[in-house]
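Student: First, the structure itself, so that you have it in front of you.
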Amino acid sequence: MTSPVLPVLCSVIGRSARAAGAGVRPLSALLMAGLLALALGLLPGCAALAPPLANPTLLQDALFNHPPRPAEADGAMALDEPMRAYLRSTLASGVQQKGKARALTDALYVKDGLRLDYDASVTRTAAQAFAARSGNCLSLVLMTAALAREMGLDVTFQSARLDDAFSRSGDLTLRSGHVNLVIGPRAPVLRWQTLHMADDPNRLQVDFLPPDELRGLRTQPISEATVLAMFMNNRAAEALAARRTTDAYAWVREALRNDPGFWPAVNTLGVVYQQGGHLAAAAAAFEQLLAHDDHQVAAMWNLAQVLQAQGRNADAARWTARRLALEPVPPYFYQQQGEAAMARGAWAQAREFFHSEQRITGDSPELQHGLAQAHYRLGEWGAARQALQQAIATSPNAAQQARYTGKLAWLRALGQL
C-alpha cells in the first residue's frame, strides 16, 4: 500500500541550511518588500476569497463517536504570564531604544535574545513555542504574532511560495508549505493603507528561514482564520502519524469550521476517513477537493488508493493515469526502491536509487542515512562520512541530530571514518 499524502505547514522547510552540528537555526528578518499573489501547492489563496465547502456533510462526527473539541483549539495564539513578563521586563528597555517592532524582531534573531531553535517535530501553540524557545515556522509565527499584538503592533500573516518539500512520518508522506508574518506600528483602519504597507519602512517581515532561502520568496496575505486552520490541520496530521485517528478527526473538523475554504484540510479529512476505514466518506472528501481543483496530485494519489480498496479498479486506474501525467515519479518512489535494494544486499543499486531520489526531493536525514549505509557497505568511507554529516545537517530537531551524530561517532570509533 502506498502512503497517503498530506499537506502540512513548515514540517521540513529550510532544513538543508542548518549547519552540521549547529544547535540553533539561523533566522532572518528583512524589510517588507511587497505582497505578490500566488497559489502555494495545496494552500489556498486569501481566505476571504476562498469558497465555502460545497458539501458541509463531509463532516461526519458519528463515525468517530462525536469527539469533543481539542482542549488547545482556542489557545493557538494565547499569551501566558511568562510571555507577558518577558515583554514587561526583558524587552522593555529595547522598546525605549528602538521602538516596538525593531525591539521584537531583534529579540527573535540576536544571540542574547530569545535564542530560538527550529524544531519541526511538533506544531506548538504560541505559549508552548515561547516556553521551549523552539518550533516549526508556524509555531514561531504564532508566538511572534501573539507577542506583537500584546505590544500593540499590527500583524499581517502571509503564505510564502517555496519549492515543494517532502517528509515521511510513518506511512504518511507530508508535502510542506511555509508561512511568515509582517509586523509594524498600528495604523488607522483604512483599506487603502493595507495596499501600500510595503512602502512603510517601519513594517518588518519576520521569517524563520535562513537568509539564503528567502531570495525570490513570493508571498500572499492570508487571514488569521486560515492561519488557525493551518495550525489545526498540522495537529491533525501529527495525530494521524501517531495513529490517533479520533483526535485527528477532531482537529481537522476544527480546521474546517474555522476556515471552511481551507482545502488542504479536506485532503486531510479524507486521509482521516481512509485511516479509520470509512472508505466512502474518504472518497467523497477527495472527490470534492478534485472537483474544486483537478490538479491536486495528492488527492488523486489518495483517491486512487481508496477506490482500489473498494474494488473500483477501473476508476482507480483512471485517477492514477491522470496523476502520472502530472507527476510521473511520486515523492519517495526511488527511496523506497533503494530501501528494498538494501534489504536484498544490493548496495550499489541502492546507492543509485538514493541519488535519483535526491535529485527529485532533495536531501532528508533518512535519505542521507540510507546513502551512508550504502557507501559504508561498498567501502566508500569518505562518502559515508559526508552522508552522515549531511543527515545531521538536515535533521529537523535535536533528537534526530543526536541519533545521526551517535552513528557518526560509532563509525569513527571503529577507525573506518
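Yes/no per residue for (1) in contact (Cβ under 8 Å) with a residue 40 or more places away in the chain; (2) assigned by TED's automatic domain parsing to the domain that holds residue 225; (3) of a type outside the set (A, V, I, L, M, F, W, C):
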position	(1), (2), (3)
261	yes, no, yes
273	yes, no, yes
277	no, no, yes
300	no, no, no
303	no, no, no
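Student: With the requirement that a residue be small (Gly, Ala, Ser) and either surrounded by 22 or more Cβ atoms within 10 Å (Cβ to Cβ) or within 19 Å of residue 174 (Cα to Cα) (or both), what does the range 284-303 give you?
Tutor: Within the range 284-303, 285, 298, 299 meet the criteria.
Student: Turning to a different aspect of this structure: Assuming residue 220 fulfils every condition listed in (1) within 21 Å of the chain's Cα centre (by Cα); (2) polar (S, T, N, Q); (3) modelled with pLDDT of 90 or more apart from one, which condition is it?
Tutor: Only one criterion is unmet by residue 220, namely (3).
Student: Among the residues of the range 95-118, which ones are modelled with pLDDT of 85 or more and either touching an Asp or Glu at 6+ places or on another chain (Cβ under 9 Å) or hydrophobic (A, V, I, L, M, F, W, C) (or both)?
Tutor: Listed by number, the residues that qualify are 95, 98, 101, 103, 104, 107, 108, 114, 116.
Student: Quick one: how many residues across the range 299-314 are of a type outside the set (Phe, Trp, Tyr), out of contact with any Asp or Glu (no Cβ under 7 Å at 6 or more places or on another chain) and not in a loop (DSSP other than H, G, I, E, B)?
Tutor: Matching residues across the range 299-314 total 10.
Student: Also, quick follow-up: Any idea which of (1) over 14 Å from the mean Cα position of the chain (by Cα); (2) at pLDDT 90 or above; (3) not aromatic (Phe, Trp, Tyr) is the one residue 141 doesn't satisfy?
Tutor: Among (1) over 14 Å from the mean Cα position of the chain (by Cα); (2) at pLDDT 90 or above; (3) not aromatic (Phe, Trp, Tyr), residue 141 violates only (1).
Student: Those residues that are crowded, with 20+ Cβ neighbours inside 10 Å, free of Cβ contacts under 8 Å to residues at least 40 places away in the same chain and out of contact with any helix residue (DSSP H, G or I) (no Cβ under 6 Å at 6 or more places or on another chain), I need them from the range 92-133; list them, please.
Tutor: Passing the criteria: only 107.
The values are calculated or read from the model by the stated rules, or taken from the named source; none is laboratory data. This one's a predicted model, so the numbers in the text were calculated from it and none came from an experiment. Because the Cβ atoms are built from the backbone with ideal geometry, glycine has one as well, and the counts that use them run over all protein chains shown.
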